[in-house]
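Report on the following structure.
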Amino acid sequence: MELSEDVAVFEQAAARFAREVVAEASGRLDARDAGARRRVIDGARELGLLALCAPESAGGLGQDVDALCAVLRPIAREDAGVASLLLVQAGGQRALARANAWPEALAASDLVTWPAFGVAGAAPRLRVTAEGRVEGSLELVPFADVASHLVADARDAAGIDRLACLPALERGVAREPAKALGLSCMAPFDLSLAGVATSAVAESSALSDDEARAWLSLGASAVALGLLEGSLATALDYARQRRQGGKRIVEWGEVRRMLADLHRSASVLASALSGALARRRRDDPGWRDDAHVLALEATERACSGTTDGVQLLGGNGYTKAYPQERRMRDARQLRALLGPAHARRRAACDAWLGVG
Amino acid sequence: MPRGVADDVEIAIDLARRFNAEVTAPRHLEVDARVSADPSSLPWDVVRAASEWGLYTAWLPRAFGGRGLSMLSLYYFLEEVSTVCVGIANVVGVHYLGVSTLSATWNARLMRRVFDDVAAGERRGEPCLVSLAITEPAAGTDMEETELLERIRPGTVAERVAGGYRVDGRKVFISNGHVSRWHVVVCVEDRARAPETGVVLAVRTGTPGFTLGALENKMGQKACVASELVFDDCFVGDEQVAIDARQSASIGIPVRAVFQQVIDYVVSSTRAGVGAFGAGVARGAFAAACEHARKRSPEGARLVDDQSVRMRLADMYANAQVARLAWQESAWANCEQGLFRGLFSPAAFGIERALPGALLRRLAPRVLDDPRTTRWLRHAGFARYPRSAANLTSGWGSLAKLVGSDLALANADLALELMGSDGTRHAAGAEKRLRDAKLLQIYEGTNQLNRLNVFKCLVGHEWSDVDPFG
């Protein structure tokens, strides 16, 4: 993927962060070690990764989705949970910026959670009362234990959907931890909001903001690509060392085929992501639809590629001594984050046929 | 099919459904969460419950103090329990892996000793399970095929000494290892001539020089622990040698052929069991997906009202049925032509059923401890066993295993995908089913080895110019 000079700097910094911080912490993140998680988040903050897509007017770096994808990809090779946290963070910031609803109290590096993944056009689960307070419940809100703000759609008394930003750690926000399959750094919570005062309310809706959703689809594709590339690296390394039937398993024809399939899948996805980002830069008509289709394809490839990655490592791949079983779980959690796949397939089909 | 087998199948399915209602369903998520949080914890509660339900003796012949249910019915039981939790199904199933391996050596005296211990343990309320220890740190699938075994140097060695063997080495990924009292250990006398020097031993927990090592921290099937077994100058007396080169020589068959036949008997029967696990997982996933699709309306309309969802449910139904048909064919082959054929003949089945239990138990020591019984069993089990039957049972075992496990994973993933974020919650059970299902493609020989075995036994078995493992 060709990167601009600025973006390449971010990519290199992220790759170093992934190698030196994330890789070392990933096992403990998966064991839900709060200290390890805090250190990774602090490290990302120090590098400016939490402020990557925050507007410059709010003290952020004002980067677009190219830089975000360049950052997410190497981090996802080591831990897709950390990459997904950065994706949700950037998405929430992006939604606030597009809706001109950035609260004064929100710093560019503050953690923002944004449970906007879901079915396009679905009714919001929250309500804005006449007094401007938000109530209702949300399920599986990522990292709601550490996010300072929550960005979510809420319907007002007049039936208009709005984008609300509210302090997530306020009294009135009851959190119940939900044990999920993967992306451990995202640690989801079910939230009940009882009349929480909002920091900002905008006349916009994230779920109906197709540009914001397309942006997320591109970021999720980069995370999926990182999962595939990480799987390939682990499997190749293992296949060169592990012996079976008197020879290294990389010398077995079927193992070579599986490795080549993983490589092919990652290469095709990298090309497709590069093309989709180029269309986004040119603002080609249809780039949003392409982004959604890419995310569908990317998450499917990540699911099957990470599963094959476990198989290539045999019994060892099934244990936590290797990172591969985690990648297999993370790929499914990433797929679920984007909303039910059958609905996404139908939306892609409708967009392609020009119906719906 | 002998009269009474169909009754046994009904009994086994009913037993499984009651066990699911009272044990599996209420406990499986809690056990999974508990072992996830503390990988060193042992699921004794599940083992004790299974023992209290009589599941470790239900499929032992009555002569050994068991209930004597037909082995065919075990597969139905395992499928049924797997619809809720394949990890708990394995806590029962893998005991019969050890039992089958010991049975496949046809050492009647040792079988009686070990199985009597199992039955006595159950009566006392002290579960006595049997594990099978084959896999080693540097040899997984290799240990299950003599043609691969001859290309490696296994690490667990049994050195012949006066009165028995001294064993050194490590076994890993041993299912139920930490909760079993007996371990059927497959090792070799000479690392450089592994297939020609195979030894199968029965080692009791507590034997000096034998210790239980680390537990694997696995992605799924948490109810069934995977253990490391460590042998350090561990003496095993001749009375606990299930088979070795000397015993093989006494019946005039090279140990290499005997060793391969023991492995073939075992994997043919247990791979059908993995197929049954897979069919159960596929059924469970299908049922969960159906329930979700009929109840949930994320976009205002019920999921099941979407035609593409109905298509996926039909696919899932087909997957579960195909997985079931595959293991049934394999299990049938085992009963007609494989390890279980002795007790599946109408005459033997009828006699075993007709004799009063007290009489059977009184006769058993005299008959089973008589060396002539073992010699006769081995003559029938090894010397007179046709290669065509071995190919059929082994090939179909592999076929059932790879089909069942692939379709189990496919259905688990389809259900998870359909359920979206709801499915990723631990409490929903769908994500656990996916984690559990993946192991089915790995244990009992990876699906890659099993494909090679299908080729070896069912496709290219008459092609002498092709090396299936080349």
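The values are calculated or read from the model by the stated rules, or taken from the named source; none is laboratory data. Computed from a predicted model, the values in this text were never measured in an experiment. Note that we place each Cβ from the backbone using ideal geometry, even for glycine, and neighbour counts take in every protein chain shown.
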Just the residues that are part of a loop (DSSP other than H, G, I, E, B) and within 14 Å of chain B (Cβ to nearest Cβ), please, taken from region A:148-182. A:Ala178, A:Lys179, A:Leu181, A:Gly182
Subset of region B:177-188 [touching a Ser or Thr at 6+ places or on another chain (Cβ under 6 Å) and under 15 Å from B:Ala202 (Cα atoms)]: B:Gly177, B:Ser180, B:Arg181, B:His183, B:Val184, B:Cys187, B:Val188
Any idea how many residues of region A:1-32 are of a type in the set (Phe, Trp, Tyr) and within 19 Å of A:Ser221 (Cβ to Cβ)? 1
Would you call B:Ala323 of a type in the set (A, V, I, L, M, F, W, C) and away from every other protein chain (no Cβ under 14 Å)? yes
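Of all the residues that make up region A:174-201, how many are among the hydrophobic types (A, V, I, L, M, F, W, C) and farther than 22 Å from B:Ala427 by Cα?
6
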If B:Gln221 satisfies all but one of (1) within 18 Å of the chain's Cα centre (by Cα); (2) within 28 Å of B:Arg435 (Cβ to Cβ); (3) in a helix (DSSP H, G or I); (4) among the polar types (S, T, N, Q), what's the number of the condition it fails? (3)
From B:Ala287, B:Ala272, B:Ala279, grab the single residue that is farther than 20 Å from B:Thr105 by Cβ and crowded, with 24+ Cβ neighbours inside 10 Å. B:Ala279
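Scan region B:52-93 for residues that are touching a Cys at 6+ places or on another chain (Cβ under 8 Å) and more than 15 Å from B:Gly278 (Cβ to Cβ) and report the count.
Selection size over region B:52-93: 6.
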Quick check on B:Leu78: is it under 30 Å from B:Ile253 (Cα atoms), at pLDDT 95 or above and out of contact with any strand residue (DSSP E or B) (no Cβ under 9 Å at 6 or more places or on another chain)? no
Some residue of region B:450-463 being at pLDDT 95 or above and within 11 Å of chain A (Cβ to nearest Cβ): yes
Could you figure out which of (1) of a type outside the set (Ser, Thr, Tyr); (2) surrounded by fewer than 24 Cβ atoms within 10 Å (Cβ to Cβ); (3) in contact with a Cys (Cβ under 8 Å, 6 or more places away or on another chain); (4) assigned to a strand (DSSP E or B) isn't true of A:Pro103? (4)
Any residue in region A:263-271 that is over 20 Å from A:Tyr322 (Cα atoms), surrounded by 14 or more Cβ atoms within 10 Å (Cβ to Cβ) and among the charged types (D, E, K, R)? no
Checking A:Ala214, A:Ala154, A:Ala174 in turn, the sole residue that is outside the structural domain of A:Ala278 (by TED's automatic domain parsing), surrounded by 18 or more Cβ atoms within 10 Å (Cβ to Cβ), modelled with pLDDT under 95 and not aromatic (Phe, Trp, Tyr) turns out to be A:Ala154
For region A:182-198, give me each residue that is farther than 21 Å from A:Ile41 by Cβ and touching a residue at least 60 places away in the same chain (Cβ under 8 Å). A:Leu193, A:Gly195, A:Val196, A:Ala197, A:Thr198
List pairs: first residue in region A:241-252 and surrounded by fewer than 17 Cβ atoms within 10 Å (Cβ to Cβ), second residue not hydrophobic (A, V, I, L, M, F, W, C) anywhere in the structure, Cβ distance under 6 angstrom, at least six positions apart or on different chains. A:Gly246/B:Arg151
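Considering every residue within region A:195-210, establish whether at least one is assigned to a helix (DSSP H, G or I) and either closer than 30 Å to A:Ala276 by Cβ or charged (D, E, K, R) (or both). Step through it out loud before you land on a result.
Taking region A:195-210 as the starting set, the residues that turn out to be assigned to a helix (DSSP H, G or I) are A:210.
Narrowing further to those that are either closer than 30 Å to A:Ala276 by Cβ or charged (D, E, K, R) (or both): A:210.
Checking region A:195-210: at least one residue is assigned to a helix (DSSP H, G or I) and either closer than 30 Å to A:Ala276 by Cβ or charged (D, E, K, R) (or both).
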Just checking, which of A:Ala341, A:Ala331 is within 7 Å of chain B (Cβ to nearest Cβ) and under 16 Å from A:Ala302 (Cα atoms)? A:Ala341
Restricting attention to region A:345-356, the residues that are in contact with a helix residue (DSSP H, G or I) (Cβ under 9 Å, 6 or more places away or on another chain) and either of a type in the set (Val, Ile, Thr) or more than 10 Å from chain B (Cβ to nearest Cβ) (or both) number exactly 6
Residue that is nearest to the other protein chains (Cβ to nearest Cβ), among those in region B:167-191 that are free of Cβ contacts under 8 Å to residues at least 60 places away in the same chain and among the β-branched types (Val, Ile, Thr): B:Val172
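One line per residue, one yes/no per condition, for (1) within 17 Å of the chain's Cα centre (by Cα); (2) hydroxyl-bearing (Ser, Thr, Tyr); (3) over 19 Å from A:Ser199 (Cβ atoms); (4) assigned to a helix (DSSP H, G or I):
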| position | (1), (2), (3), (4) |
| --- | --- |
| A:Asp6 | no, no, yes, yes |
| A:Arg37 | yes, no, yes, yes |
| A:Ala44 | yes, no, yes, yes |
| A:Ser57 | no, yes, no, yes |
| A:Leu72 | yes, no, yes, yes |
| A:Ala83 | yes, no, yes, yes |
| A:Val88 | yes, no, no, yes |
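Filter region A:310-328 down to the residues that are charged (D, E, K, R) and at the interface with chain B (Cβ under 7 Å from one of its Cβ atoms), then identify the one that is surrounded by the most Cβ atoms within 10 Å (Cβ to Cβ).
Once the filter is applied, the top-ranked residue is A:Glu325.
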Only one residue in B:Ala410, B:Ala430, B:Ala389 is closer than 30 Å to B:Val459 by Cβ, within 11 Å of chain A (Cβ to nearest Cβ) and not hydroxyl-bearing (Ser, Thr, Tyr), so which one is that? B:Ala410
Any helices (runs of 4 or more DSSP H) falling wholly within region A:266-355 and containing at least 1 residues that are modelled with pLDDT of 95 or more: A:287-317, A:324-337
